[in-house]
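Undergrad: First the structure, then my questions, so here it is.
The values are calculated or read from the model by the stated rules, or taken from the named source; none is laboratory data. These figures come from a predicted structure and were not determined experimentally. For neighbour counting, all protein chains shown are included, and Cβ atoms are generated from backbone atoms with ideal geometry for every residue, glycine included.
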Amino acid sequence: MTSKISRRAFLKGSITAAGSVVATTGIARAAKSITREKQEPLVTLLDISKCIGCEECVFACQQANADKYPEPEKPFPKMYPTSKVPVEDWSDKKDVIDRLTPYNWLFIQHASAIVNGEQIDLTIPRRCMHCDNPPCVKLCPWGSAKQEENGLSRIDPDLCLGGSKCKTVCPWKIPERQTGTGLYLNLLPAFAGNGVMYKCDRCYNRLEKGEVPACIEACPEDVQTIGPRSEILKKAHALAREMNGYIYGENENGGTNTIYVSPVPFEELNKSIEKGKGKPHLNKVKDMMADGTNLAKAMILAPIAGVAAAFGKFYLSSKEDK
Amino acid sequence: MKTTGKTRKYIYTITLFFITLSGFAQMPIFKRYYIADIPGFGWLAQFYVTHIMHYIAAIVLIALVTYILIDFMFNRSRLIKITRTGYLGILVLAGLIVTGVLMVFKNLSNIYFGHTTIIVLDLTHLSLCMMLLFVSFYSVIRKKSWVI
């Protein structure tokens, strides 16, 4: 459910916040968060060989998150330019469960593969991977998406304007948009924004209460396990060794907090699964934030270069004076 | 000496142009408003390209600002005086660099800033950018120099 914030309140809040940052809270809090002792991220392990595709996790996800689903106001405001701003409305298709939608944050993907000369069918629960360094969070221009220290990333429905940048930069195109809901309605709905982006938030509210995500709890086959990164990675590698299997998610996009273990190579699974809108691939993914990270390191040299150039000039001019 | 000043001005103007353009491109507006459809401007809708461009321009800007600062302290502080417009511009520029560097740090892996901190940083950076543009245009239009 999204709470309403008036345009005046939003602008007032923004100006007040902007005014106070340099002097007080912003930098102080940033410094505090830098120095705070780090919590080891929680990682989920999915043993694909156990999944029977019963969709209990899908229904549990829908039930647990029903109060977070959008309730768009209709008719939608006219958005300009009309040819460039697609209306994305899933409010009449809430029962779609064969792909990701704003009302379905987890779905089952089907794959066939040959194992030991025998054809087997595999089912794979798919949702947000909760990347180590999530581009959706880091590149959101408004800070609407956030990452928590336990490794989950989520989108704040009260702040998201539905620009869909998070989806564009996500290597798996996970977030899905619902038009006609959220803060943009109270700002300039005709010219900026287009709803709210939705995706799995790994049941952050359940985790806060010490409960496990609904999909994990509901699974009758114990497909998923959640735990600290080091522990889960150890388990994943042991499991892969045991089944002579393969791992996905450990290194994708520089590392994620979702680890799949499969008896079949993921290249094979990727060829078999249906891919497309709301149906993510299983390709290898390079670290999308790596170039930025390398340039950030180079940024440390920038002031040194400036100082060197200034002293170089000083040295040359003093030599000329002599 | 004159050539150095001109070069410095050109580097600053080009950097400011690209850093502002790539900064605005962080918002999903260029595709919506047909700018990215103009031949040769398609890259403005590619967020990873503009992100990298913003970082490169920031590296040049930080190096240039450090150079000017050290040069002023050691070579020119007795020769020139900073005007009131200049102080305002410098203050805004300093704010942009501080918030920008914090945001670069935030974008590194395993760095968690509080949600409010991120929102405040984003909005402050954007507001300071608008202020810098205002001060820069005011300086050009009213022929107000930052130093005399």
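Undergrad: Within the stretch A:163-182, how many residues are within 12 Å of chain B (Cβ to nearest Cβ), in contact (Cβ under 8 Å) with a residue 60 or more places away in the chain and either more than 16 Å from A:P141 (Cα to Cα) or in contact with a strand residue (DSSP E or B) (Cβ under 8 Å, 6 or more places away or on another chain) (or both)?
TA: Final tally of qualifying residues: 2.
Undergrad: Here is a follow-up. So the check is Cβ under 6 Å with 6+ separation or different chains; which pairs have a first residue in the stretch B:56-79 that's over 12 Å from B:I97 (Cα atoms) and a second one that's buried (at least 19 other Cβ atoms within 10 Å of the Cβ)?
TA: Short answer, once both residue conditions are applied: B:Y67/A:G306; B:Y67/A:A310; B:I70/A:A310; B:D71/A:A310.
Undergrad: Tell me the helices (runs of 4 or more DSSP H) entirely within the stretch B:42-148 that contain at least 3 residues that are polar (S, T, N, Q).
TA: In the stretch B:42-148, the matching helices (runs of 4 or more DSSP H) lie at B:115-141.
Undergrad: Hey, among A:A60, A:A30, which residue is part of a helix (DSSP H, G or I), at pLDDT below 95 and among the aliphatic types (A, V, I, L, M)?
TA: A:A30
Undergrad: Working only within the stretch B:1-41, note down all residues that are more than 14 Å from chain A (Cβ to nearest Cβ) and of a type outside the set (A, V, I, L, M, F, W, C).
TA: B:K6, B:K9, B:Y10, B:T13, B:T20, B:P39, B:G40
Undergrad: Go through (1) surrounded by fewer than 20 Cβ atoms within 10 Å (Cβ to Cβ); (2) touching an Asp or Glu at 6+ places or on another chain (Cβ under 7 Å); (3) modelled with pLDDT under 95 for A:I108 and report which single condition fails.
TA: (3)
Undergrad: Taking the stretch A:117-150 as the region of interest, how many residues are closer than 23 Å to A:I216 by Cα and among the aromatic types (F, W, Y)?
TA: 0
Undergrad: Now, a different point. Can you tell me which of (1) more than 7 Å from chain A (Cβ to nearest Cβ); (2) of a type in the set (S, T, N, Q); (3) more than 25 Å from B:M27 (Cβ to Cβ) is the one B:S136 doesn't meet?
TA: Of everything listed in (1) more than 7 Å from chain A (Cβ to nearest Cβ); (2) of a type in the set (S, T, N, Q); (3) more than 25 Å from B:M27 (Cβ to Cβ), B:S136 misses just condition (3).
Undergrad: Of the residues in the stretch A:157-168, how many are surrounded by 20 or more Cβ atoms within 10 Å (Cβ to Cβ) and either within 17 Å of A:P135 (Cβ to Cβ) or modelled with pLDDT under 95 (or both)?
TA: Final tally of qualifying residues: 5.
One line per residue, one yes/no per condition, for (1) basic (K, R); (2) closer than 27 Å to A:K165 by Cα:
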position: A:P41; (1), (2): no, yes
position: A:I52; (1), (2): no, no
position: A:K68; (1), (2): yes, yes
position: A:P72; (1), (2): no, yes
position: A:Y80; (1), (2): no, yes
position: A:V85; (1), (2): no, yes
position: A:D92; (1), (2): no, yes
position: A:D98; (1), (2): no, yes
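Undergrad: Which of the following residues is surrounded by fewer than 17 Cβ atoms within 10 Å (Cβ to Cβ), among the hydrophobic types (A, V, I, L, M, F, W, C) and at pLDDT 95 or above: B:I62, B:I11, B:I52?
TA: B:I52
Undergrad: Sticking with this one: Could you tell me whether the stretch A:192-199 includes any residue that is β-branched (V, I, T) and within 30 Å of A:C54 (Cα to Cα)?
TA: So far as the stretch A:192-199 goes, yes, one or more of its residues are β-branched (V, I, T) and within 30 Å of A:C54 (Cα to Cα).
Undergrad: Can you work out which of the residues in the stretch B:84-110 that are touching a Ser or Thr at 6+ places or on another chain (Cβ under 8 Å) and under 20 Å from B:K143 (Cβ atoms) is nearest to the other protein chains (Cβ to nearest Cβ)?
TA: So, considering only residues that are touching a Ser or Thr at 6+ places or on another chain (Cβ under 8 Å) and under 20 Å from B:K143 (Cβ atoms), the one nearest to the other protein chains (Cβ to nearest Cβ) is B:G89.
Undergrad: Quick one: which of A:N257, A:N283 is polar (S, T, N, Q), over 26 Å from B:A63 (Cα atoms) and more than 12 Å from every other protein chain (Cβ to nearest Cβ)?
TA: A:N283
Undergrad: Hey, can you tell me all the residues within the stretch A:85-122 that are more than 28 Å from A:M288 (Cβ to Cβ) and not hydrophobic (A, V, I, L, M, F, W, C)?
TA: A:D89, A:S91, A:D92, A:K93, A:K94, A:D95, A:S112, A:N116, A:G117, A:E118, A:Q119, A:D121
Undergrad: In the stretch B:56-74, is there at least one residue being among the charged types (D, E, K, R) and in contact with a strand residue (DSSP E or B) (Cβ under 7 Å, 6 or more places away or on another chain)?
TA: No: zero hits.
Undergrad: Against the conditions (1) of a type in the set (K, R); (2) surrounded by fewer than 24 Cβ atoms within 10 Å (Cβ to Cβ); (3) more than 14 Å from every other protein chain (Cβ to nearest Cβ), where does A:R127 fall short? Just the number, please.
TA: (2)
Undergrad: Okay, next question. Looking at the structure I just gave you, is A:C160 more than 9 Å from chain B (Cβ to nearest Cβ) and either free of Cβ contacts under 8 Å to residues at least 40 places away in the same chain or touching a Pro at 6+ places or on another chain (Cβ under 6 Å) (or both)?
TA: yes
Undergrad: Sticking with this one: Residues of the stretch A:286-322 being small (G, A, S) and more than 9 Å from chain B (Cβ to nearest Cβ), which ones?
TA: Hits for the stretch A:286-322 are A:A290, A:G312, A:S318.
Undergrad: Can I ask one more? What number of residues within the stretch A:91-132 are touching a residue at least 40 places away in the same chain (Cβ under 8 Å), of a type in the set (G, A, S) and farther than 22 Å from A:G249 by Cβ?
TA: Residues that pass the stated criteria total 1.
Undergrad: Considering only residues that are at positive phi and more than 14 Å from chain B (Cβ to nearest Cβ), look in the stretch A:228-254 and name the one that is surrounded by the fewest Cβ atoms within 10 Å (Cβ to Cβ).
TA: Ranking the qualifying residues of the stretch A:228-254, first place goes to A:N244.
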